[in-house]
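The structure under discussion appears below in the form of structure tokens.
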Amino acid sequence: MTLPASEQTADKPVAAAIGLLARQGFDATSVEELAEASGMSRSTFFRRFGSKEDVVFADHERILRQVNDRLAESRLEPLAAVADAALLVFDHHLRNRETSLARYELLQAVPALRDRELVTSHRYERAFLQYLNDKLPQDGRSGYKAVAFAAAVVAVHNAFLRQWLRAAPGAGKAADMDRKRAAALAAELRALAETFRPALLGGAAAAPPAPTVVVTVLPGQAGREAIAQAVLDALP
């Protein structure tokens with residue numbers, strides 16, 4: 001997914017500020033230095049971000065808006081739509097590797113930022129829950145199960161994100177590993193949706209397709225082409 005030029009431009013000051021904080025230290029970096037690194041005046045920095053703590057998570061304001069837009073426009077069934085929105089967040093981290101890694105370093109060094117991270121995660125959880133409450137049947141079936149599903153999606157996403165942040169693949173391997181990890185997260189979220197589907201939408205969880213068994217008898221000296229043709233002929 002390629003971001004529009006306007007959104008790429010919007011992320012640059014945030015990336016510059018987070019990079020400086022990670023290199024220089026959170027407490028050792030002044031707002032003036034952050035403003036200079038971000039290419040703006042001190043007053044503009046305060047108007048746009050508010051504080052040093054705010055700039056560390058500023059890109060998530062835009063991603064939260066994208067999540068809400070994605071959910072509002074989605075034609076998927078509700079559980080799949082929430083999983084799709086969570087993948088949008090993960091994709092943001094993959095596309096902004098250096099910023100995500102720098103923020104992770106900051107979170108390990110500054111306990112107050114870890115508290116702020118919990119607040120940010122909860123905002124995604126609330127967005128998912130609000131969407132589910134709007135879309136799920138209002139028959140009393142979902143109850144706290146929608147709360148559990150929204151929390152579980154965020155928890156699984158965050159577990160995959162932490163694993164990705166800690167992996168730090170070598171040069172040349174990052175793109176391939178990112179694709180595999182994103183695919184693994186998508187599969188895990190689909191499985192999670194299947195687990196919750198009976199309770200939230202009714203009906204049994206979708207069963208995997210039954211395997212096709214083919215039995216054919218061939219002479220002992222049959223070649224590969226003959227075997228392949230016999231199997232094709234025996235298929236229903």
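For the range 77-109, a residue qualifies if it is polar (S, T, N, Q) and part of a helix (DSSP H, G or I), and the qualifying residues are T99, S100, Q108. Just one of the listed residues (A80, A86) is of a type outside the set (D, E), surrounded by 17 or more Cβ atoms within 10 Å (Cβ to Cβ) and either touching a residue at least 12 places away in the same chain (Cβ under 8 Å) or in contact with a strand residue (DSSP E or B) (Cβ under 9 Å, 6 or more places away or on another chain) (or both), namely A86.
Taken together, the criteria exclude T195 from residues that are polar (S, T, N, Q), within 28 Å of A17 (Cα to Cα) and surrounded by 12 or more Cβ atoms within 10 Å (Cβ to Cβ). Contact map, the range 187-198: residues that are over 19 Å from Y144 (Cα atoms) paired with residues that are modelled with pLDDT under 95 and surrounded by fewer than 14 Cβ atoms within 10 Å (Cβ to Cβ), Cβ distance under 7 Å, separation 6+ or inter-chain. No pairs are found.
The set of residues in the range 78-102 being modelled with pLDDT of 95 or more and either more than 11 Å from the chain's Cα centre (by Cα) or hydrophobic (A, V, I, L, M, F, W, C) (or both) consists of P78, L79, A80, A81, V82, A83, A85, A86, L87, L88, V89, F90. Summed over the range 48-76, residues that are assigned to a helix (DSSP H, G or I), in contact with a helix residue (DSSP H, G or I) (Cβ under 8 Å, 6 or more places away or on another chain) and within 23 Å of W164 (Cα to Cα) total 10. With respect to the stated conditions, L232 is more than 30 Å from Y104 (Cα to Cα), part of a helix (DSSP H, G or I) and at pLDDT below 90.
Looking at E125, is it farther than 25 Å from K12 by Cα and either assigned to a helix (DSSP H, G or I) or touching a residue at least 12 places away in the same chain (Cβ under 8 Å) (or both)?
Here the answer is yes, as E125 does meet what is asked.
The values are calculated or read from the model by the stated rules, or taken from the named source; none is laboratory data. This one's a predicted model, so the numbers in the text were calculated from it and none came from an experiment. Using ideal geometry, Cβ is built from the backbone for each residue, glycine included, and neighbour counts are taken over all protein chains shown.
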